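Throughout, read-outs are computed from the coordinates displayed, never taken from laboratory work. The model shown is predicted, which means the values in this text are computed figures rather than measured ones. Glycine also receives a Cβ, built like all others from the backbone with ideal geometry; neighbour counts cover every protein chain displayed.
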């Protein structure tokens with residue numbers, strides 16, 4: 001028996017996605033567009049545009065003034081913002097023990113990963129007031145479990161985990177509500193992960209062995225989780241931390 005055709009899951013929605021030049025952000029932007037969203041793709045670098053429904057903006061997420069400008073540009077172009085995906089993130093250039101972390105490096109990682117997420121949420125909750133919306137923050141399994149030599153990165157993602165819950169509690173009181181959730185990827189085939197493995201080639205083998213599914217994820221798999229939390233299919237989901245890690249944190 002033929003199933004009825006499913007409609008586009010984000011038809012009519014406007015979504016801002018940060019860190020959209022590559023990796024998970026790029027995969028999410030392409031998927032959102034395919035599901036009917038008009039995409040505002042931002043990044044510190046250049047973003048290729050596959051369609052006319054994309055607005056591309058250069059964006060340092062640690063700069064509050066740039067966040068204000070991004071939302072203003074999105075609303076001027078598309079009339080509203082329904083979805084924010086806080087995806088932009090960095091890790092330390094060189095993994096070192098906590099006792100050797102330079103304060104400058106610590107602050108740089110937290111400014112992008114945690115401050116950037118906070119600033120995006122702040123603007124989104126202001127602009128979504130009275131209309132509702134969905135915020136999806138990209139955290140990490142290292143927002144739950146520790147790894148050596150990741151003091152700044154893990155701390156920033158742990159902060160994103162709790163900031164998401166605070167936003168969810170506050171957003172639930174808004175009318176209509178603003179839902180706020182986080183996605184926690186495991187190790188995924190991205191440039192960020194590749195750079196870390198390049199410094200410690202044996203680490204990849206260790207991660208694959210520690211992951212029950214026996215492999216790294218790919219950006220498209222994480223994008224599907226983001227899509228679910230951004231869509232109306234998750235209308236009763238807020239304050240959740242969706243782990244997509246091949247079982248890495250299950251053991």
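Structure notes:
- Relative to the current alpha-carbon distance between residue 80 and residue 204, full extension at 0.36 nm per residue lengthens the span by 40.4 nm.
- Exposure proxy ranking for 211, 117, based on other Cβ atoms within 10 angstrom of each Cβ and starting from the fewest, stands as 211, 117.
- For the pair residue 34 and residue 73, the difference between a 0.36 nm per residue extended length and the Cα-Cα distance amounts to 11.8 nm.
- 0 to 90° range, to nearest 10: angle between helix 151-171 axis and the chain longest Cα axis: 30
- Computed label-point distance, nm, for sites residue 162 and residue 220 using a 7 Å Cα→Cβ extension: 3.8
- Taking the longest Cα principal axis of the chain as reference, the axis of helix 201-210 is set at about 70 degrees.
- Footprinting exposure proxy ranking of 108, 196, fewest other C-beta atoms within 10 angstrom first, gives 108, 196.
- From least to most packed, judged by other beta carbons within 10 angstrom and beginning with the fewest, 240, 231 follow the order 240, 231.
- Principal-axis tilt of helix 116-127 within the chain, Cα atoms, nearest 10 degrees: 10
- Linear extension gain, residue 100 paired with residue 237, 0.36 nm per residue minus alpha-carbon span: 45.3 nm
- Across all directions, the average projected area of the convex hull around the alpha carbons of the stretch 14-250 is 12.2 nm².
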